[in-house]
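Taking it in order: structure first as structure tokens, then the write-up.
The values are calculated or read from the model by the stated rules, or taken from the named source; none is laboratory data. All of these numbers come straight from a predicted model, not from anything done at the bench. Virtual Cβ from ideal backbone geometry, glycine too; neighbours counted across all protein chains shown.
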Amino acid sequence: MGNRLTNKDWTIQEVLYISTQAYGGKVDNKMSRKDVDVTGGRMTLKSNLKWDQTTKSWQQVGRDVKIVFKIKSQPISYHKTDTLKNHYFPVTFLIHNWELNFNSAFRWRTGSNFKWKNNKQKISEGKTPAEKDRIRADNLKTTNLNIKRGLQGQFIFELMWVSRKEGTLFGPMTCLNRSPKITNPSMIIFFDKHALYCVMHLLPKMFANENIRKFVKNEPLESTMELM
């Protein structure tokens, strides 16, 4: 994760601005993908943040606030290569100054800390139809496993290296230590659709001290929800 967060680091608002400028240009439109694919989200973990029952507001109680959201999606905006109905990814934010909300320095991570598992073979390497079917089945298992482990491919292959370079990466580097010359040749930092959902639908309500139950859509809250 690098050095400790300071007020000189990137703010949420700055990355959001760059993101919206990039969408539809050098980056495909995550605004529309967010609206089509993401079906809900809930907070599953928080630290250094507590609810003040007297002031009816969230209060920071430590150096940096850590929040983890669990985002649910049912991708239909692209051709899926997996067989899972729902995708669940953790999205973690480390926010330096809660009172500054979107103007606070921050770090973030979409997905878990597991390492990505690559397919062992390409289907084209199969010499017979039966062998191709076997490789196809093995690759499907690998694809499903990566998603079940909470690994978000776009963040790993397009954003993780850039995020670390810009100082916005939360957690360890779990991808190859080289720039994404093919997947993100412009080295643009931007919010993927899962992080964007958090920034546009979940964090604003928390900054405004609204009850989180009012903005979790299409998924009932469970006992794992941590509020007060």
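Reported count of residues in the stretch 188-224, each being of a type in the set (Val, Ile, Thr) and modelled with pLDDT of 50 or more, is 4.
Does the stretch 45-54 contain at least one residue that is in contact with a strand residue (DSSP E or B) (Cβ under 9 Å, 6 or more places away or on another chain), part of a helix (DSSP H, G or I), buried (at least 16 other Cβ atoms within 10 Å of the Cβ) and at pLDDT 85 or above?
As a first pass, look at the stretch 45-54 and keep what is in contact with a strand residue (DSSP E or B) (Cβ under 9 Å, 6 or more places away or on another chain): 45-52.
Next cut, part of a helix (DSSP H, G or I) only: none.
The answer is no; no qualifying residue exists.
Among Leu196, Leu151, which is the only one that is under 11 Å from the mean Cα position of the chain (by Cα), over 17 Å from Gln13 (Cβ atoms) and surrounded by 18 or more Cβ atoms within 10 Å (Cβ to Cβ)?
On the way: Leu196 fails: over 17 Å from Gln13 (Cβ atoms).
Selected residue: Leu151, the only one of Leu196, Leu151 that is under 11 Å from the mean Cα position of the chain (by Cα), over 17 Å from Gln13 (Cβ atoms) and surrounded by 18 or more Cβ atoms within 10 Å (Cβ to Cβ).
Screening Lys132 on (1) without any contact (Cβ under 8 Å) to a residue 40 or more places away in the chain; (2) in contact with a Lys or Arg (Cβ under 8 Å, 6 or more places away or on another chain) shows it passes everything except condition (2).
One residue stands out in the stretch 1-21 among those that are modelled with pLDDT of 90 or more and of a type in the set (D, E, K, R): the one that is surrounded by the most Cβ atoms within 10 Å (Cβ to Cβ), namely Asp9.
Pairs linking a residue in the stretch 177-192 that is closer than 16 Å to Gly153 by Cβ to a residue that is among the basic types (Lys, Arg) and surrounded by 13 or more Cβ atoms within 10 Å (Cβ to Cβ), with Cβ atoms under 8 Å and 6 or more positions apart or on different chains, are Phe190/Lys30; Phe191/Lys30; Asp192/Lys30. Return the pairs, sorted by first residue and then second, in which the second residue is among the small types (Gly, Ala, Ser) and exposed (fewer than 15 other Cβ atoms within 10 Å of the Cβ), the first residue lies in the stretch 39-68 and is closer than 15 Å to Phe93 by Cα, the beta carbons are less than 6 Å apart, and the residues are 6+ apart or on different chains. Correct list of pairs: Asn48/Gly62; Lys66/Ser47.
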